[in-house]
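Q: Quick one: the structure is below, and I'll ask about it shortly.
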Amino acid sequence: MSQESTPSPSHSPVFRRFLLQHGEARLGLEPRALVVGRSTGCELLVGDPQVSRRHARFLVDGTSVRIEDLGSANGVFVNGKKIKAVQALRDDDQIQIGGLAFVLKSEIVSARNTTNPTPATSPGGGNLASLLRVNPVDAETPTVETFSIEFLGTLADKCLGMGRVDEAERLLVAPLRDALRRARDGHPETPPHIFVKAAHYAVALADAKLQGSWFDYTIQLYAALQKPPAAEIVDQLHATVRRVPSIDVPALRAYVENMRQRVNQSPAERFVTQRLEGLLRIVSP
């Protein structure tokens, strides 16, 4: 009489780990209910204006992921179809929440990694530091806030390319304000390229809307960082400055003077400072 085989107690338990993929980045989903929305009480906090305050909820366990629309204004779409009830998700399903698009992925792991209890993990090596900021409200309720300039920038580029400038501005206002706040507060964990992106989009808006306040934003950003802009941002400023009215010249002058007084500048920084001086000569009466 044959005996039924039983798993060896020495074998590690097997789990399925789920991830939301956006481009090269992947966001690990911990087994729990995760609410997505613009409210600060959400576990996945996003700045997309198309997302409701409490837009959707992922229901995650060790074997499956389901998604539920929480009565959002713009709905939740799976593979292009608007869901009407709680829906089970499968690998490679495409999920649209407001202006954000994700693909569900999963992988088998022999034991769950408990070294990072927050929803922000990078098992696939994606650079989540450029997309996410872990902002724990307390030890029990971790919150993840999206660096939405990464997500929304692609959408804004499309809007600008189609001449929908106001829509691009609506997408970018919140992440640009967040970048300026970070610069002023001194957040060392913020990747430097986030500030470069913020400056790039601000100058693009200044040029598209012929609005000096976005030009001024770029100067305020780098004044707060106390460093010269990236060379490509100075190129953008020079290409735009003659088109944009009502630039805050005193603020620009104060910033340029501050850069002049910096000691031990590298050759590249000195060159950028000289270009900033040229910018000031263009706008000075």
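Q: How are the alpha carbon pair distances in segment 141-279 distributed across 5 Å bins from zero to the largest one, expressed in percent?
A: 2, 10, 20, 22, 21, 13, 8, 3, 1, 0, 0
Q: What residues have an amide H closer than 5 Å to that of residue 76, excluding those fewer than 5 places away on the same chain, when H is modeled at 1.01 Å from N in the peptide plane?
A: 83
Q: Translational D (Stokes-Einstein, µm²/s) of segment 206-285 at 25 °C and 0.890 mPa s when Rh comes from the Kirkwood sum over C-alpha pairs?
A: Numbers: Rh = 12.6 Å.
Translational diffusion coefficient: 195 µm²/s.
Q: State the Cα centre-to-centre distance between segment 158-217 and segment 218-265 in whole Å.
A: When both Cα centres are located, 15 Å separates them.
Q: Along Cα→Cβ, 7 Å out, is where each label goes; now give me the distance between the ones at residue 239 and residue 268 in nm to one decimal.
A: So the label points at residue 239 and residue 268 sit 2.0 nm apart.
Q: Just need the relative contact order of segment 158-285 here, percent rounded to a whole number, with Cα pairs under 8 Å and 6+ apart.
A: Working: 120 pairs, mean separation 29.6, N = 128.
Taking the mean separation of contacting Cα pairs over the length of segment 158-285, I get 23 percent.
Q: Once you compute Rg and the Kirkwood Rh from C-alpha atoms, what is the Rg to Rh ratio for segment 207-248?
A: 0.96
Q: On to the next question. Past 29 Å, Cα to Cα: identify those pairs from 84/209; 81/197; 105/158; 81/158, in the order given.
A: Table pairs above 29 Å Cα-Cα are 84/209; 81/197.
Q: Also, quick follow-up: Convert each backbone phi in segment 255-270 into a coupling constant with the Karplus relation 6.51 cos²θ - 1.76 cosθ + 1.60 (shift: θ = phi - 60°), then list the ³J(HN,Hα) values in order as whole Hz, x for Gly and Pro.
A: Values per residue, Gly and Pro as x: 5, 4, 4, 4, 5, 4, 7, 5, 9, 6, 6, 6, x, 5, 5, 5 Hz.
Q: Now, a different point. Expressed as a rounded percentage, what relative contact order does segment 189-238 have, with Cα pairs under 8 Å and six or more residues apart?
A: Values: 28 pairs, mean separation 19.0, N = 50.
So the answer I get is 38 percent.
Q: Assuming R0 = 22 Å, can you tell me the calculated FRET efficiency for the pair residue 90 and residue 32, based on Cβ-Cβ distance, to the nearest 0.05?
A: For R0 = 22 Å, the calculated efficiency reads 0.65.
Every number in this text was worked out from the coordinates using simple rules, so none of it is lab data. Owing to the predicted nature of the structure, the values given are computational and were not obtained by experimental measurement. Cβ sites come from the backbone with ideal geometry, for glycine too, and all protein chains shown count toward neighbours.
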